[in-house]
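Worksheet for the structure shown next.
The values are calculated or read from the model by the stated rules, or taken from the named source; none is laboratory data. All values derive from a computational prediction rather than experimental measurement. Here the Cβ positions follow ideal geometry from the backbone for every residue, glycine too, while neighbour counts run over all protein chains shown.
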Amino acid sequence: MISDARCVPVAATDAAAMGGLIEDEGIDLTVVGPEAPLVAGLADSLRAKGHPVFGPGADGARLEGSKAWAKDLCERYGIAAPASRSFDDSREAVAWLDELEAPYVVKADGLAAGKGVIIAADRSEARAAIHTCMTERAFGDAGSRVLIEEFLEGREISALALTDGERIVPLALAQDFKRVGEGDTGPNTGGMGAYSPLDWVDPEIRGRIEEEVLAKALSGLRSEGIDYRGVIYAGLMLTAEGPKVLEFNCRFGDPETQVILPRLTSSLAEALMGAARGDLGGYAATWTQESCVTVCAVSGGYPGDFATGIEIRGLEEAAAGGSTVVFHSGTSIRNDRVVTAGGRVLAVTALGQTLAGARERAYSTLSRISFEGMAFRRDIAAAVAAGSSASDGGTSEGGKG
Ligand SMILES: Nc1ncnc2c1ncn2[C@@H]1O[C@H](COP(=O)(O)OP(=O)(O)O)[C@@H](O)[C@H]1O
Ligand SMILES: [Mg+2]
């Protein structure tokens, strides 16, 4: 952000300091980005002081903060989702495995930074996953409650919408690539790349996503008395029976946002302010026909252990091209040099007339960037760009997540 804005270090969960900063700087609109401060109620504290905020309060953020709560919401308001049950007792969880068939999906209830879901190939793996969550507390308190879920097959996509608490403004659909390895192999990550639009999703399915998932989620939240202003993000499996909700997030998720927002031709500031003020009525989202692809560069070893503090080269050369953006996530500046500071280090986004053109541009920009141990997938959006959409990423096969 440093090239676009003046950055001020304040902990995202320090509501008092954040409120002070907003007042000192005369900030008009606050966008709360990450899930942890949303779940902790940062938006509530700031709204209580009269500041316009984009992002739900703690009540609405339960959509992401508790998978069990989100499941209940789906059940109460008739939103299609996999069969699932939540457990506070590990023996009961293990006993319920008898009712299901392999593979088993075991999910920590709370926030686990994208690591709390284990797809277990058989009963003993599922038992081990329950043990890891509930007894070993590998995800801390997030795993004190566990969900066990029916395994769904299909293609996985992400549907995001803005809401002002009354209206839904659906954003362009995107697909991300979760597995670390090419050909959708290896463990799940926070995302290795993404693309938008999804031309292969037909209009009928789009309509169902808007009406049966996004609009129903908002009306469910409203029925619960929740004034939700921000992003509703639905992670969906397109099954033979139609779209089903795997999870909700309460914010812009990456890498999807990195291919959605560059395609937005209407004003983002107006959209965010409209949502924050409860007034999206006059807003119409418009999109470029161009395609967008993003490819993430990750630290060697990710999603397992990895080193940090490694110098990143080629960023200036990469910045030279038009229609591309290098989004930093796991980076920091040390002695005037940009170094790695996380697992998913950066993502290179490019627009193009076609998906193939956007891919080419993203990969050619990425080829100018290097750091020791840098890894990336070479097949982001490859199958769809080549026209064989049926075999593209996001399909879900068994295996350990
Ligand atoms: N019921 C399910 N059937 C098949 N795959 C699933 C199911 N639930 C989750 N997954 C897979 O696990 C990934 C992570 O699950 P998700 O619920 O999105 O949790 P999180 O993003 O918090 O890790 C999903 O993107 C999907 O690939
Ligand atoms: Mg997810």
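Would you check which residues across segment 140-160 are buried (at least 22 other Cβ atoms within 10 Å of the Cβ), within 16 Å of ligand 2 (Cβ to nearest atom) and either in a loop (DSSP other than H, G, I, E, B) or among the hydrophobic types (A, V, I, L, M, F, W, C) (or both) and list them?
Listed by number, the residues that qualify are Ala142, Leu147, Ile157, Ala159, Leu160.
Quick check on my filter: what residues within segment 162-198 are away from ligand 2 (no atom under 16 Å from the Cβ), part of a strand (DSSP E or B) and crowded, with 23+ Cβ neighbours inside 10 Å? Give the derivation first.
In the first step, residues of segment 162-198 are kept if they are away from ligand 2 (no atom under 16 Å from the Cβ); the result is 162-172, 181-183, 185-186, 195-198.
Those still in the list that are part of a strand (DSSP E or B) too: 162-163, 168-170, 181, 185-186, 195-196.
The answer is Leu162, Thr163, Tyr195, Ser196.
Against the condition within 16 Å of Ala375 (Cα to Cα), touching a residue at least 40 places away in the same chain (Cβ under 8 Å) and of a type in the set (Val, Ile, Thr), how does Val339 come out, does it pass?
On the way: within 16 Å of Ala375 (Cα to Cα): yes; touching a residue at least 40 places away in the same chain (Cβ under 8 Å): no; of a type in the set (Val, Ile, Thr): yes.
Spelling it out, it is not the case that Val339 is within 16 Å of Ala375 (Cα to Cα), touching a residue at least 40 places away in the same chain (Cβ under 8 Å) and of a type in the set (Val, Ile, Thr).
Could you tell me which of the residues Leu346, Leu351 is touching a His at 6+ places or on another chain (Cβ under 9 Å) and aliphatic (A, V, I, L, M)?
Numbers: Leu351 fails: touching a His at 6+ places or on another chain (Cβ under 9 Å).
Going through Leu346, Leu351 in turn, the sole match is Leu346.
If you go through segment 216-228 one residue at a time, do you hit one that is surrounded by fewer than 20 Cβ atoms within 10 Å (Cβ to Cβ), under 29 Å from Ala358 (Cα atoms) and not basic (Lys, Arg)?
No, because not a single residue in segment 216-228 is surrounded by fewer than 20 Cβ atoms within 10 Å (Cβ to Cβ), under 29 Å from Ala358 (Cα atoms) and not basic (Lys, Arg).
Got a sec? Which helices (runs of 4 or more DSSP H) wholly within segment 15-120 have at least 1 residues that are of a type outside the set (Phe, Trp, Tyr) and free of Cβ contacts under 8 Å to residues at least 24 places away in the same chain?
Output list reads 15-25, 42-48, 58-65, 67-77, 90-96.
For segment 83-95, give me each residue that is surrounded by 15 or more Cβ atoms within 10 Å (Cβ to Cβ) and either within 16 Å of ligand 2 (Cβ to nearest atom) or closer than 20 Å to Glu247 by Cβ (or both).
Taking segment 83-95 as the starting set, the residues that turn out to be surrounded by 15 or more Cβ atoms within 10 Å (Cβ to Cβ) are 84-87, 90, 93-94.
Those that are surrounded by 15 or more Cβ atoms within 10 Å (Cβ to Cβ) and either within 16 Å of ligand 2 (Cβ to nearest atom) or closer than 20 Å to Glu247 by Cβ (or both): Ser84, Arg85, Ser86, Phe87, Ala93.
Answer with yes or no whether Val293 is closer than 19 Å to Thr349 by Cβ and more than 16 Å from ligand 1 (Cβ to nearest atom). Can you show your working first?
Numbers: closer than 19 Å to Thr349 by Cβ: yes; more than 16 Å from ligand 1 (Cβ to nearest atom): yes.
Yes; evaluated as a whole, the condition is true for this residue.
If we keep just the residues of segment 188-205 that are within 19 Å of Thr257 (Cβ to Cβ) and of a type outside the set (A, V, I, L, M, F, W, C), which is modelled with the lowest pLDDT?
Of segment 188-205, the ones within 19 Å of Thr257 (Cβ to Cβ) are 188-198, 201.
So of that shortlist, the ones also of a type outside the set (A, V, I, L, M, F, W, C) come out as 188-191, 193, 195-197.
Details: Asn188: 85, Thr189: 89, Gly190: 88, Gly191: 93, Gly193: 98, Tyr195: 98, Ser196: 98, Pro197: 97.
Here the residue is Asn188.
With respect to Ala350, determine if the residue is assigned to a helix (DSSP H, G or I), of a type outside the set (S, T, N, Q), within 21 Å of the chain's Cα centre (by Cα) and at pLDDT 95 or above. Reasoning before the result, please.
Details: assigned to a helix (DSSP H, G or I): no; of a type outside the set (S, T, N, Q): yes; within 21 Å of the chain's Cα centre (by Cα): yes; at pLDDT 95 or above: yes.
Against the criterion (assigned to a helix (DSSP H, G or I), of a type outside the set (S, T, N, Q), within 21 Å of the chain's Cα centre (by Cα) and at pLDDT 95 or above), Ala350 does not qualify.
For segment 325-347, name all the residues that are under 30 Å from Leu198 (Cα atoms), of a type in the set (Val, Ile, Thr) and touching a Phe, Trp or Tyr at 6+ places or on another chain (Cβ under 8 Å).
The one that is under 30 Å from Leu198 (Cα atoms), of a type in the set (Val, Ile, Thr) and touching a Phe, Trp or Tyr at 6+ places or on another chain (Cβ under 8 Å): Val345.
What number goes with the only condition from (1) under 22 Å from Asp176 (Cβ atoms); (2) in contact with a helix residue (DSSP H, G or I) (Cβ under 8 Å, 6 or more places away or on another chain); (3) part of a strand (DSSP E or B); (4) modelled with pLDDT of 95 or more that Val338 does not pass?
(1)
With respect to Gly207, is the statement that it is assigned to a strand (DSSP E or B) and away from ligand 2 (no atom under 16 Å from the Cβ) true?
Details: assigned to a strand (DSSP E or B): no; away from ligand 2 (no atom under 16 Å from the Cβ): yes.
So Gly207 does not fit the description; no.
Looking for whichever is modelled with pLDDT under 95 and either within 25 Å of Ala362 (Cα to Cα) or more than 14 Å from ligand 1 (Cβ to nearest atom) (or both) here; the options are Asp227, Asp254, Asp279. Which one fits? Spell out the reasoning first.
Values: Asp227 fails: modelled with pLDDT under 95; Asp279 fails: modelled with pLDDT under 95.
When all the criteria are applied, what remains is Asp254.
Between residues in segment 241-263 that are more than 26 Å from Ser66 (Cβ to Cβ) and residues that are more than 11 Å from ligand 2 (Cβ to nearest atom) and part of a loop (DSSP other than H, G, I, E, B), which pairs lie under 6 Å by C-beta distance while being six or more apart or on different chains?
Arg263/Ala172; Arg263/Thr288
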